[in-house]
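Visitor: Quick one: this structure, given as structure tokens, is what I'll be asking you about.
The values are calculated or read from the model by the stated rules, or taken from the named source; none is laboratory data. Everything numeric here is computed off the predicted structure, so don't read it as measured data. Positions of Cβ are backbone-derived with ideal geometry, glycine not excepted, and every protein chain shown enters the neighbour counts. Please note that ligands, DNA and RNA were not included when accessible areas were found on the heavy atoms of the full protein model with its side chains. Shrake-Rupley method; radii C 1.70, N 1.55, O 1.52, S 1.80 Å.
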Amino acid sequence: MRSAFIAALSAQAATDARIFLLTGDLGWTVVEEFAGKYPGRFLNAGVAEQNMAGLATGLAQAGFVPFTYTIATFASMRAYEQIRNGPVLHRLPVRIVGVGGGFAYGHAGMTHFALEDLAIARAQPGLTVIAPADPAQTKSVMDAIRAVEGPVYLRVGKGGNPEVPGLNGRFALGRPEVVVEGSEVLLLATGGIAVNAVEASRRLRADEVSAAVAVMAHLPHAPTPELRALLGRFKAVVTVEEGYTAGGLGSLAAEAIAQAGLGCRLLIRGVHASPRERAGSTAFLQAAERLSPAALADSARTVLSAVPK
């Protein structure tokens, strides 16, 4: 996804002189495409994420549309106060790009697991929070946020993110994108882990369970009509996110169900406790948190069993 992001940013910069890219000493072999074409609109701020957020705020006030680029944990948490008091407070078009959400930096350990970034970003009114599911959707997201006047937090995958079957790059703010049709249970996913939800639905279909899958890349501060309408079609819903279960996609779905009085059972699947003693590949860590396709299929069966006949 990060390569798709840089390619889209470079293409937009060709026709928009306001676009500026700052990196926190990260992304070498990725950001060179932009830096080489637009050296006057590129700055390595060094390992100083708080300062980078301040620089971006000043650039936005001067008329630029700055993108800050660093590891998701540092982008979202180290500079949180500067983001809150800068672009959010002043409604400036700063785009904070967090690379490698969830367990993407799995071998680096807990300091690099971005598990709360979406939740703490979503807590800020006026901050548009987006976690695309694959490279094609990342490009569509980049097109969509050109019209967003305020700040954006964009979580992109570190690399090796497969295309989500049936998604075909579709994206619109506030709208879940259905990639697999079904009638009994809905798997609602955000970010790159959506591919696990699709595979889980395939396993369920093999057992004659009709499981739909939808991608909710935009995590708004409040539920949208489109999300409520989708959830209202199902008696059982499983949310799937590579992050803590509080404040993110699961909480958004729960708010939508409660506020609209929808009659569906909800099971939130994500990370329930700090995995501070674990490190390893993304697949290993997902499996340990019951986020593998097999575990998600089991979760769907569990929530279906709780639905009154």
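Visitor: When only residues in the range 199-229 that are open to solvent by 10 Å² or more (accessible area, probe 1.4 Å), assigned to a helix (DSSP H, G or I) and of a type in the set (A, V, I, L, M, F, W, C) count, which is nearest to Pro125 (Cα to Cα)?
Guide: Filtering the range 199-229 for residues that are open to solvent by 10 Å² or more (accessible area, probe 1.4 Å), assigned to a helix (DSSP H, G or I) and of a type in the set (A, V, I, L, M, F, W, C), the one nearest to Pro125 (Cα to Cα) comes out as Ala229.
Visitor: Taking the options Asn44, Asn85, name whichever one is open to solvent by 20 Å² or more (accessible area, probe 1.4 Å), over 23 Å from the mean Cα position of the chain (by Cα) and polar (S, T, N, Q). Reasoning before the result, please.
Guide: Working: Asn85 fails: over 23 Å from the mean Cα position of the chain (by Cα).
That would be Asn44, the only listed residue that is open to solvent by 20 Å² or more (accessible area, probe 1.4 Å), over 23 Å from the mean Cα position of the chain (by Cα) and polar (S, T, N, Q).
Visitor: Sort through Gly58, Gly100 and tell me the only one that's out of contact with any Ser or Thr (no Cβ under 7 Å at 6 or more places or on another chain), without any contact (Cβ under 8 Å) to a residue 40 or more places away in the chain and either of a type in the set (Gly, Ala, Ser) or under 19 Å from Phe5 (Cβ atoms) (or both). I'd like the intermediate steps shown before the answer.
Guide: Working: Gly100 fails: without any contact (Cβ under 8 Å) to a residue 40 or more places away in the chain.
Step by step, each of Gly58, Gly100 is checked, and only Gly58 is out of contact with any Ser or Thr (no Cβ under 7 Å at 6 or more places or on another chain), without any contact (Cβ under 8 Å) to a residue 40 or more places away in the chain and either of a type in the set (Gly, Ala, Ser) or under 19 Å from Phe5 (Cβ atoms) (or both).
Visitor: With the requirement that a residue be over 17 Å from Ala211 (Cβ atoms) and open to solvent by less than 60 Å² (accessible area, probe 1.4 Å), what does the range 284-309 give you? Before the answer, list the steps.
Guide: Taking the range 284-309 first, the residues over 17 Å from Ala211 (Cβ atoms) are 284-289, 308-309.
Answer for the range 284-309, where residues must be over 17 Å from Ala211 (Cβ atoms) and open to solvent by less than 60 Å² (accessible area, probe 1.4 Å): Leu285, Gln286, Ala287, Ala288, Glu289.
Visitor: Go through (1) without any contact (Cβ under 8 Å) to a residue 40 or more places away in the chain; (2) open to solvent by less than 80 Å² (accessible area, probe 1.4 Å); (3) out of contact with any Gly (no Cβ under 8 Å at 6 or more places or on another chain) and name the single condition Gly174 misses.
Guide: (1)
Visitor: Still on this structure: Counting only residues that are aliphatic (A, V, I, L, M) and closer than 23 Å to Gly247 by Cβ, which one in the range 151-171 is surrounded by the most Cβ atoms within 10 Å (Cβ to Cβ)?
Guide: Start the filter on the range 151-171 by keeping residues that are aliphatic (A, V, I, L, M), which leaves 152, 154, 156, 164, 167.
If we keep only those that are closer than 23 Å to Gly247 by Cβ as well, we get 152, 154, 156.
Values: Val152: 21, Leu154: 27, Val156: 29.
Restricting to residues being aliphatic (A, V, I, L, M) and closer than 23 Å to Gly247 by Cβ, the top hit is Val156.
Visitor: Now, a different point. Being in contact with a helix residue (DSSP H, G or I) (Cβ under 6 Å, 6 or more places away or on another chain), of a type outside the set (Val, Ile, Thr) and either free of Cβ contacts under 8 Å to residues at least 12 places away in the same chain or open to solvent by less than 10 Å² (accessible area, probe 1.4 Å) (or both) is the filter here, so list the residues in the range 10-40 that pass it.
Guide: Ser10, Leu21, Leu22, Gly24, Phe34
Visitor: Collect the residues in the range 111-159 that are over 15 Å from the mean Cα position of the chain (by Cα) and hydroxyl-bearing (Ser, Thr, Tyr), keeping them in residue-number order.
Guide: Residue satisfying the conditions is Thr111 alone.
Visitor: When you scan the range 271-283, how many residues do you find that are surrounded by 13 or more Cβ atoms within 10 Å (Cβ to Cβ), on the phi < 0 side of the Ramachandran plot and not aliphatic (A, V, I, L, M)?
Guide: Initial filter on the range 271-283 (surrounded by 13 or more Cβ atoms within 10 Å (Cβ to Cβ)): 271, 275, 278-280, 282-283.
Those left that are additionally on the phi < 0 side of the Ramachandran plot: 271, 275, 278-279, 282-283.
From what is left, the residues that are not aliphatic (A, V, I, L, M) are 275, 278, 282.
Counting residues in the range 271-283 that are surrounded by 13 or more Cβ atoms within 10 Å (Cβ to Cβ), on the phi < 0 side of the Ramachandran plot and not aliphatic (A, V, I, L, M) gives 3.
Visitor: Condition first: assigned to a strand (DSSP E or B) and either without any contact (Cβ under 8 Å) to a residue 12 or more places away in the chain or crowded, with 24+ Cβ neighbours inside 10 Å (or both). Now tell me which residues in the range 230-262 satisfy that. Even if it seems obvious, please write down each step before you answer.
Guide: Kept after step one, since they are assigned to a strand (DSSP E or B), are these residues of the range 230-262: 236-244.
If the condition is that a residue be assigned to a strand (DSSP E or B) and either without any contact (Cβ under 8 Å) to a residue 12 or more places away in the chain or crowded, with 24+ Cβ neighbours inside 10 Å (or both), then Val237, Val238, Thr239, Val240, Glu241, Glu242, Gly243 are the ones that fit.
Visitor: Of the residues that make up the range 152-163, is at least one touching a Ser or Thr at 6+ places or on another chain (Cβ under 7 Å), under 18 Å from Glu226 (Cβ atoms) and touching a residue at least 12 places away in the same chain (Cβ under 8 Å)?
Guide: no
Visitor: Starting from the range 291-309, take each residue that is more than 11 Å from Val185 (Cα to Cα) and of a type in the set (Gly, Ala, Ser) and list its partners that are open to solvent by less than 30 Å² (accessible area, probe 1.4 Å) and part of a helix (DSSP H, G or I), counting only C-beta distances under 9 angstrom and pairs at least six apart or across chains.
Guide: From residues that are more than 11 Å from Val185 (Cα to Cα) and of a type in the set (Gly, Ala, Ser), the pairs are Ser292/Asn196; Ser292/Ala200; Ser292/Gln286; Ala294/Ala200; Ala295/Asn196; Ala295/Ala200; Ala295/Gln286.
Visitor: Ok, one more. Check Leu92, Leu118 and return the single one that is surrounded by fewer than 24 Cβ atoms within 10 Å (Cβ to Cβ) and touching a residue at least 40 places away in the same chain (Cβ under 8 Å). Before you say what the answer is, go through the steps one by one.
Guide: On the way: Leu118 fails: surrounded by fewer than 24 Cβ atoms within 10 Å (Cβ to Cβ).
Of the residues listed, the single one that is surrounded by fewer than 24 Cβ atoms within 10 Å (Cβ to Cβ) and touching a residue at least 40 places away in the same chain (Cβ under 8 Å) is Leu92.
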